[in-house]
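Worksheet for the structure shown next.
The values are calculated or read from the model by the stated rules, or taken from the named source; none is laboratory data. The shown structure was predicted, so the numbers you read here are calculated from the model rather than taken from an experiment. We place every Cβ from the backbone using ideal geometry, glycine too, and count neighbours over all the protein chains shown. Areas reflect the complete protein model, heavy atoms only, side chains present, ligands, DNA and RNA absent. Shrake-Rupley method; radii C 1.70, N 1.55, O 1.52, S 1.80 Å.
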Amino acid sequence: MELPAVNLKMILLVHWLLTTWGCIVFLGAYAWANFTILALGVWAIAQRDSIDAISMFLGGLVATIFLDIIYISIYYPRDHLTDTGHFGAGMAILNLLLKPFSCCLVYHMYRERGGEFQLHAGFHGPSQEHSAYQTIDSPEVPSDPFAGPEGKGHTPQVY
């Protein structure tokens, strides 16, 4: 299934609008978290080739999903909510519901910029990475790290 081509500016505009309306009811930490992530999104727009900018924005979106669930569940006004309050709370909830879809779109943009999602926890089996580490029973002969032209005849220094 092909994801629709959505501009990062549109994602930011929608989340900015919904966050602004959500701040009618939820102030403080909700506003700080969401507007900080939107600032990271502006950074991702400004630096179109930066993998760091888009990955920070993606990580922030994922983090604010969990934070918004906590903020809305704790600070949702339970009594005497006006129509404006209902509207603000509804927009905050809609913002929360759209964030997973936005994360999918931003992840697609992250992959287009050359980013890779690598999770090597170490217990999932042997890694395919090649490193300087070599096992004892390896059939390959270890390479000499001082084999370069300047390293010929290198003797260790005594301190």
Legend entry - Residue ID - nearest to N7 (Cα to Cα), chosen from residues in the stretch 54-92 that are in contact (Cβ under 8 Å) with a residue 60 or more places away in the chain and open to solvent by 30 Å² or more (accessible area, probe 1.4 Å): S55
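Would you check if there is a residue in the stretch 48-61 being under 15 Å from L17 (Cα atoms) and either in contact with an Asp or Glu (Cβ under 6 Å, 6 or more places away or on another chain) or not aliphatic (A, V, I, L, M) (or both)? Can you show your working first?
Going residue by residue through the stretch 48-61, those that are under 15 Å from L17 (Cα atoms) are none.
No, every residue in the stretch 48-61 fails to be under 15 Å from L17 (Cα atoms) and either in contact with an Asp or Glu (Cβ under 6 Å, 6 or more places away or on another chain) or not aliphatic (A, V, I, L, M) (or both).
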Inset, instruction - Mind listing whichever residues of the stretch 18-30 are open to solvent by 20 Å² or more (accessible area, probe 1.4 Å), part of a helix (DSSP H, G or I) and touching a residue at least 12 places away in the same chain (Cβ under 8 Å)? - result: W21, A29
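Being under 21 Å from the mean Cα position of the chain (by Cα) and not in a helix (DSSP H, G or I) narrows it down to one residue among R48, R78; which is it? So that I can check it myself, show each step before the final result.
Details: R78 fails: under 21 Å from the mean Cα position of the chain (by Cα).
Among R48, R78, only R48 is under 21 Å from the mean Cα position of the chain (by Cα) and not in a helix (DSSP H, G or I).
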